[in-house]
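Below is one structure, written out as C-alpha cells; the observations come after it.
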Amino acid sequence: MTHQPFDAAAASAAYNNALQVIASVEPTIAGAIKAELADQRSSLKLIASENYASPATLLTMGNWLSDKYAEGTVGHRFYAGCQNVDTVEQTAADHARELFGAPHAYVQPHSGIDANLVAFWAILAQRIESPTLAEAGAKHVNDLSDEDWIKLRKALGDQKMLGMSLDAGGHLTHGFRPNISGKMFNQHSYGTDPETGLLDYDEVARKAREFKPLILIAGYSAYPRKVDFAKMREIADEVGATLMVDMAHFAGLVAGKVFTGDFDPVPHAHVTTTTTHKSLRGPRGGMVLCQPEYADAVDRGCPMVLGGPLSQTMAAKAVALAEARQPSFQTYAQAVADNAVTLAEGLMKRGVKLVTDGTENHLVLLDVSSYGITGRQAESALLDAGIVTNRNAVPRDPNGAWYTSGVRIGTPALTTRGFGADEFDRVAELIVDVLSSTTPTTTAAGAPSKAKYVLAEGVADKTRAASAEILDKHPLYPGLELS
Ligand code: DSN
C-alpha cells in the first residue's frame, strides 16, 4: 500500500553522500534539500496534486543522463551517442503502453502543460488537412513557411475547443486565457449542474452540437467525481470532435484499476495526457498516450513545442511506471479512493459542505463559506496548524479565483505514508477544529477581511501535536536517516 520496500541503509548512504558532495559546493542548497524533507515529514500533506515519489524514482534523477542532448525520438536523434537515452525512453514508453493499455506513448513532455501543448499541436496537425495547408503546398504544419503560418493562424484561430469551465473544476490549459491554449483556440466550456454539482452530459452534448469543437476535452483538477469517458466519446463522435482527456489528477487511479471500463479514459480518448507526479507517484513530468493515427504527430512534440528531452526524468518515469505495474500499486490506488470517501464522510458528518456532497476519486472540495471565511483564510489557518492544502474556487464562486470559497484536499500523499480510515477520520476532525476556530478580521471600513484572520489561541499548537502523533506512526521514508 505504501512504497514498495526499499533498502533504507542504502538509501540513507546514497542521500548522505550526495548531500555531502552538494554541500561542498553550495551548502545553502544542501540545507534546503534537507529542510524540505523535514517539512514534508512533519506536516499533513493534503494537496490533491502532490505525492511522495519512491527513493528509487528520486535517485534516478540525479545523474549524468542529465548531461546528454537527445532531440528526436528513439533511434532517430539529432545528436550522436544517444544509445543509452534510447534505452531509457523506450523502457519508459513500453511501461506506459503496457500499464495503460495504450497503442502509443510519448514520454518526453516536461510537465502537464507541455503534454497538453504536444497534444493540441498533434491534433491540429492531424485534423487540419485544411485548404490552408494544401494551398500552402504543405503536408504538415511543421513544413509551413512564415508567410503560410500567418494564413494558418487565421485558420487555427477559428478552431474550437470545448472543455470543463475553470470554476467547475477544469484546468487552465483547457482553453483559458492565461494559458496559450486560450489564445490558440476559440474556447467554449461546459459546467456542472447547479443543484448537484455533477457533470451534466446533456449539457456537454448540447454545447458540442452547438459549437462543433475540433477538440472535446475532458478531465479536471478540482472535480471530485469520476467521468464517463464512453459517453464523452459518443458526444465527440457525434460532432466529429477529437476526444482529448487530461487525466493528470487521476492517472494513478487509472493505472491502479480503480477507474475501469467506461471510466478508464485511455481506450475511449483519441489522445490522453497526464502528469507523472500526482496520483501516479512518479517524477515531476508529463506524458501523452494516443491512438495510432495521432502517434506520428505526437512524436513531433520535440522540437515543435518541447526542448530536448530530460533523459534523467524519462528514466525516473520508467522506474515509477515499473512500480505502478506491480500489484501493490493497485492496492495503493484503491486505498487512495477509499480514504477519500472516509475523509469526505468525516468532514460531512461534522457539518462541512462538500461540492457534490462527496467524492468518487482522490479529492474532496470543501465549501468553507459557512464558517464565514474565504478559501484563502482557510488555507492559511490550516497551514498555521501544519495542514498543507490549497484554496480553490467552488462552482459559481462569489469570491473569485484569488480569495475563493473553497479548499481542495486529496489523499494520494498521506495514503503513501500508510494512512487508512482511522487516520483520515482524525484528519477530518483536525480540519474542522481549525476551520471552526478561524475568524476573519475586520477591515477599516468595518467589513470582514477576505485575507486576514485570527486562529483561536492554542489551536495551531494543539493541531500540530495531534498530527505529530499520527505522522510518527507513519514515517515518511522509514529508516532513511540524514546525518
Ligand atoms: N498544479 C496542478 C494542480 O494542483 O492541480 C495542476 O496544474
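The values are calculated or read from the model by the stated rules, or taken from the named source; none is laboratory data. Keep in mind it's a predicted model, so treat the numbers as computed, not measured. Methodologically, a virtual Cβ is constructed for each residue, glycine included, from the backbone with ideal geometry; neighbour enumeration extends over all protein chains shown.
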Counting only helices (runs of 4 or more DSSP H) entirely within the stretch 407-483, those with at least 3 residues that are more than 16 Å from residue 339 (Cβ to Cβ) and without any contact (Cβ under 8 Å) to a residue 40 or more places away in the chain are 459-473
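When the residues of the stretch 258-293 are filtered to those that are of a type in the set (Gly, Ala, Ser) and either over 26 Å from residue 62 (Cα atoms) or in contact with a Cys (Cβ under 6 Å, 6 or more places away or on another chain) (or both), which remaining residue is surrounded by the fewest Cβ atoms within 10 Å (Cβ to Cβ)? Walk me through how you get there before you give the answer.
Applying the first criterion (of a type in the set (Gly, Ala, Ser)) to the stretch 258-293 yields 261, 269, 279, 282, 285-286.
Keeping just the survivors that are either over 26 Å from residue 62 (Cα atoms) or in contact with a Cys (Cβ under 6 Å, 6 or more places away or on another chain) (or both) gives 261, 269.
Values: 261: 10, 269: 28.
Among residues in the stretch 258-293 that are of a type in the set (Gly, Ala, Ser) and either over 26 Å from residue 62 (Cα atoms) or in contact with a Cys (Cβ under 6 Å, 6 or more places away or on another chain) (or both), the one surrounded by the fewest Cβ atoms within 10 Å (Cβ to Cβ) is 261.
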From the option list 335, 295, 344, 315, single residue qualifying as in contact with a His (Cβ under 8 Å, 6 or more places away or on another chain), at pLDDT 95 or above, of a type in the set (A, V, I, L, M) and away from the ligand (no atom under 16 Å from the Cβ) is 295
Per the filter on the stretch 103-120, residues of a type outside the set (Ser, Thr, Tyr), assigned to a loop (DSSP other than H, G, I, E, B) and either surrounded by fewer than 24 Cβ atoms within 10 Å (Cβ to Cβ) or within 16 Å of the ligand (Cβ to nearest atom) (or both) are 103, 109, 110
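Within the stretch 38-52, which residues are surrounded by 16 or more Cβ atoms within 10 Å (Cβ to Cβ) and either away from the ligand (no atom under 16 Å from the Cβ) or among the hydroxyl-bearing types (Ser, Thr, Tyr) (or both)?
Just the residues of the stretch 38-52 that are surrounded by 16 or more Cβ atoms within 10 Å (Cβ to Cβ), to begin with: 40-41, 43-52.
Once the filter is applied, which keeps residues that are surrounded by 16 or more Cβ atoms within 10 Å (Cβ to Cβ) and either away from the ligand (no atom under 16 Å from the Cβ) or among the hydroxyl-bearing types (Ser, Thr, Tyr) (or both), the stretch 38-52 yields 40, 41, 43, 44, 49, 52.
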Per the filter on the stretch 188-225, residues under 24 Å from the mean Cα position of the chain (by Cα) and assigned to a helix (DSSP H, G or I) are 201, 204
Checklist line | Filter result for residue 91 (away from the ligand (no atom under 16 Å from the Cβ), touching a residue at least 40 places away in the same chain (Cβ under 8 Å) and under 20 Å from the mean Cα position of the chain (by Cα)) | finding: no
Quick count over the stretch 158-192, residues being touching a strand residue (DSSP E or B) at 6+ places or on another chain (Cβ under 8 Å) and more than 16 Å from the ligand (Cβ to nearest atom), is 13
By my count, helices (runs of 4 or more DSSP H) wholly in the stretch 1-61 with at least 1 residues that are without any contact (Cβ under 8 Å) to a residue 12 or more places away in the chain and more than 27 Å from residue 251 (Cβ to Cβ) are 8-25, 27-42
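One line per residue, one yes/no per condition, for (1) buried (at least 24 other Cβ atoms within 10 Å of the Cβ); (2) not aliphatic (A, V, I, L, M):
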residue: 377; (1), (2): yes, yes
residue: 392; (1), (2): yes, yes
residue: 408; (1), (2): yes, yes
residue: 430; (1), (2): no, no
residue: 439; (1), (2): no, yes
residue: 451; (1), (2): no, no
residue: 464; (1), (2): no, yes
In the stretch 309-367, anything part of a helix (DSSP H, G or I), of a type in the set (Ser, Thr, Tyr) and farther than 30 Å from residue 76 by Cβ is listed as 328, 331, 332, 342, 356
Flagged pairs (Cβ under 8 angstrom, 6 or more apart or on separate chains; first in the stretch 228-255, without any contact (Cβ under 8 Å) to a residue 40 or more places away in the chain and more than 11 Å from residue 268 (Cα to Cα); second small (Gly, Ala, Ser) and more than 16 Å from the ligand (Cβ to nearest atom)) are 235/205; 235/208; 235/241; 238/205; 238/208; 239/208
Among 316, 322, 333, 337, the single one that is small (Gly, Ala, Ser), in contact (Cβ under 8 Å) with a residue 60 or more places away in the chain, surrounded by fewer than 22 Cβ atoms within 10 Å (Cβ to Cβ) and out of contact with any strand residue (DSSP E or B) (no Cβ under 8 Å at 6 or more places or on another chain) is 322
Expected single match for away from the ligand (no atom under 16 Å from the Cβ), closer than 22 Å to residue 225 by Cα and surrounded by fewer than 16 Cβ atoms within 10 Å (Cβ to Cβ) among 444, 468, 421 is 421
How many residues of the stretch 235-257 are within 24 Å of residue 334 (Cβ to Cβ) and buried (at least 24 other Cβ atoms within 10 Å of the Cβ)? The answer is 12
For residue 123, the lone unmet condition from (1) away from the ligand (no atom under 16 Å from the Cβ); (2) under 17 Å from residue 255 (Cβ atoms) is (2)
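For residue 413, indicate whether it is within 14 Å of the ligand (Cβ to nearest atom), more than 25 Å from residue 333 (Cα to Cα) and either at pLDDT 95 or above or buried (at least 19 other Cβ atoms within 10 Å of the Cβ) (or both). Let's see the steps before the verdict.
Details: within 14 Å of the ligand (Cβ to nearest atom): yes; more than 25 Å from residue 333 (Cα to Cα): no; either at pLDDT 95 or above or buried (at least 19 other Cβ atoms within 10 Å of the Cβ) (or both): yes.
So residue 413 fails the test.
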Per the filter on the stretch 209-234, residues surrounded by fewer than 24 Cβ atoms within 10 Å (Cβ to Cβ) and away from the ligand (no atom under 16 Å from the Cβ) are 209, 210, 211, 212, 214, 226, 228, 230, 231, 233, 234
Yes or no: residue 304 surrounded by fewer than 24 Cβ atoms within 10 Å (Cβ to Cβ) and either under 19 Å from residue 181 (Cβ atoms) or not acidic (Asp, Glu) (or both)?
yes
